[in-house]
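Below you'll find the structure, written out as structure tokens, and then a few comments.
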Amino acid sequence: QVQLVESGGGLVQAGGSLRLSCAASGSIFSINTMGWYRQAPGNQRELVARITSGGSTNYADSVKGRFTISGDNAENAVYLLMNSLKPEDTAVYYCRAGVALQYGGTWYAYWGQGTQVTVSS
């Protein structure tokens, strides 16, 4: 019913930058939040950053000052600009959206397939 497609991952040297994009499509009535999570091998999935439809943002302490999340409500899209990347940022990055399929309906969480970000030292 709802698909999230991510793009923009890749291999970059420490200190470099990448920009991730995620677009949601399908039977969407409304989206309340969109965000980015990441999971490194052997670790739990963790929140990186999220943004509400009103523009409020929050970030993991480990990325504050380096990463910037932004959104486009009209396009149901979210972006993550990652600067000053470190090897410890290496992970699979997942896009998540909180979606209502109809007016007054339940909010559901949808996830993208993930995109690999690798930062070499």
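The values are calculated or read from the model by the stated rules, or taken from the named source; none is laboratory data. Small disclaimer: the values here were computed from a predicted structure and weren't measured. Here the Cβ is made from the backbone with ideal geometry for all residues, glycine too, and neighbour counts use every protein chain on show. In case anyone asks, the SASA skips ligands and DNA or RNA and just uses the protein heavy atoms, side chains included. Shrake-Rupley method; radii C 1.70, N 1.55, O 1.52, S 1.80 Å.
What the table below lists for this structure:
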| quantity | calculated |
| --- | --- |
| Carbon/sulfur fraction of accessible area - the range 1-110, other protein chains in place, 1.4 Å, % | 46 percent |
| Global geometry of the range 64-120, whether rounded, prolate or oblate, following the gyration tensor of its Cα atoms and the 1.5 cut on a/c | prolate |
| Size of electric dipole in the range 37-121: Cβ of Lys, Arg +1 and of Asp, Glu -1, about Cα centre, debye, nearest 20 | 120 debye |
| At R0 = 25 Å, FRET efficiency that the Cβ-Cβ distance of GLU75 and TYR103 yields, to 0.05 | 0.75 |
| Relative contact order (%) - the chain, alpha-carbon pairs under 8 angstrom, separation at least six | 36 percent |
| Length gained when the stretch VAL5-GLU88 is fully extended (0.36 nm per residue, less Cα-Cα span) | 27.5 nm |
| For the chain: accessible area per residue (Å², 1.4 Å) | 53 Å² |
